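Reviewing the structure listed below.
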Amino acid sequence: MHWKPDPLLYPSHLRARVKRGRGLLQGAEYLPWLYIRDVPSRGTSLGGHGIVTGRPHQGLSDLEATYLYLMERRESVVDIREQWPILDLDRTLELCTELEVRHIYKRGLPEPFTIDFLITELTADGKSYRAASVKTSEDAADPSKRLRLEVEHRWCQERGIPWTLVDTSRFNKTLLEILRFMRGWFRHRFNPETQLDPRFLLAFESFYKSNELLSELVARLTKTLRLPNSQVLDMFRYCAWSGQIDISLGHPLALNRPLFLNQKKR
């Protein structure tokens, strides 16, 4: 699912952005329709290139950053496109008329609705697409904003693309910081295929204590495995990120805190 790159296929006021590649293509070549500088929101730095896409991502809020990181952890996800535009202005204008909601305009001209995330997943039947809108609980409950979201929903429904309004009630600073901490293995260019010592998980299971600081646990693993401290820490980050260590996402994760694991898998 992607828009054709010929600018002449779109209204004249959109052609300059289409020509620059905004909202087009897939994977590492995709460029979002909106950037942090384009909107009056509290955008957030997502920290370098994406694990799935290999390109920088634009996060227009902490909620979007949280959702993106959660999607990166799913093995089935093969592409993540944020701020994906609905360039079918004729249909979104019609839908706005049907729903009695004002279309988005800029300088007197209609602007595309943008879907927060278009996710591509690899299933047993091949590639599938789904759309996700990531909003605050207040925005999700606002009647006028819900009507705008319904435009996205109906447009996607007409094209067989499942659309979801993401439940963000559990998204908070703690969860975002946990995801960023775990994701550090990728920022540090840790390669699990060559740098993950097969002894690590066995040693971790043997040494883990619920009341011990993570820094102390890493220090003991470092001494036992006779590996650099930084490598051991990145092995922990990767194993937590990939679910091989089932950490709790409801407790802060930091070197100066005890490590909480989900008991159901222990």
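Each value in this text was obtained by applying a stated rule to the coordinates, not by laboratory testing. Nothing here was measured: the structure is a model prediction, and the numbers come from that model. Methodologically, a virtual Cβ is constructed for each residue, glycine included, from the backbone with ideal geometry; neighbour enumeration extends over all protein chains shown.
Quick notes on this one:
- For R102 and A254, the difference between the fully extended length at 0.36 nm per residue and the C-alpha to C-alpha distance is 50.1 nm.
- The long axis of helix 173-182 is offset from the longest Cα principal axis of the chain by roughly 60 degrees.
- For the listed residue pairs K19/K145; K19/K173; K4/K173, the alpha carbons are over 32 angstrom apart in K19/K173; K4/K173.
- Per residue convex hull volume, Cα atoms of segment 169-266, in Å³: 99
- Amide H contacts of G59 (H built 1.01 Å from N, in plane; Pro and chain starts excluded): T44, L46 sit under 5 Å, all sequence-distant by 5 or more or on other chains.
- Antiparallel %, DSSP beta bridges [both residues in the chain], to 5: 85
- Scattering profile of segment 122-192 at q = 0.11, 0.21, 0.25 Å⁻¹ [log10 I(q)/I(0), Debye over alpha-carbon scatterers]: -0.47, -0.94, -1.03
- Put simply, the C-alpha atoms of segment 62-191 give a gyration tensor, and the ellipsoid matching it has half-axes of 30, 18, 13 Å, longest first.
- Using the Cβ-Cβ distance between K223 and E138 with R0 = 45 Å, the FRET efficiency computed as 1/(1 + (r/R0)^6) comes to roughly 0.35.
- Cβ crowding within 10 Å ranks T164, T114, T194 as T194, T164, T114, fewest other Cβ atoms first.
- Within straight-line cross-link reach of K127, aspartates and glutamates at Cα separation under 16 Å, skipping those fewer than 8 residues along the same chain: E75, D79
- Rough spin-label spacing in nm, given labels placed 7 Å along Cα→Cβ, for H188 and V39: 3.3
- FRET efficiency for the pair L70 and M1, taken as 1/(1 + (r/R0)^6) with r the Cβ-Cβ distance and R0 = 25 Å, rounds to 0.75.
- Rounded to 0.05, the FRET efficiency of the D246 and L25 pair, given R0 = 45 Å and the Cβ-Cβ distance, is 0.80.
- Rounded to the nearest 20 debye, dipole of the chain from Cβ charges on Lys, Arg, Asp, Glu: 800
- Option label - Rg/Rh (Cα atoms, Kirkwood Rh) computed here, alternatives [x] 1.11; [y] 0.93; [z] 1.04: [z]
- Counted residue by residue at 0.36 nm each, then reduced by the alpha carbon distance between them, the extension gain from R15 to F207 reaches 63.2 nm.
- When each of M235, M182 is scored by the number of other beta-carbon atoms lying within 10 Å, the sequence from fewest to most is M182, M235.
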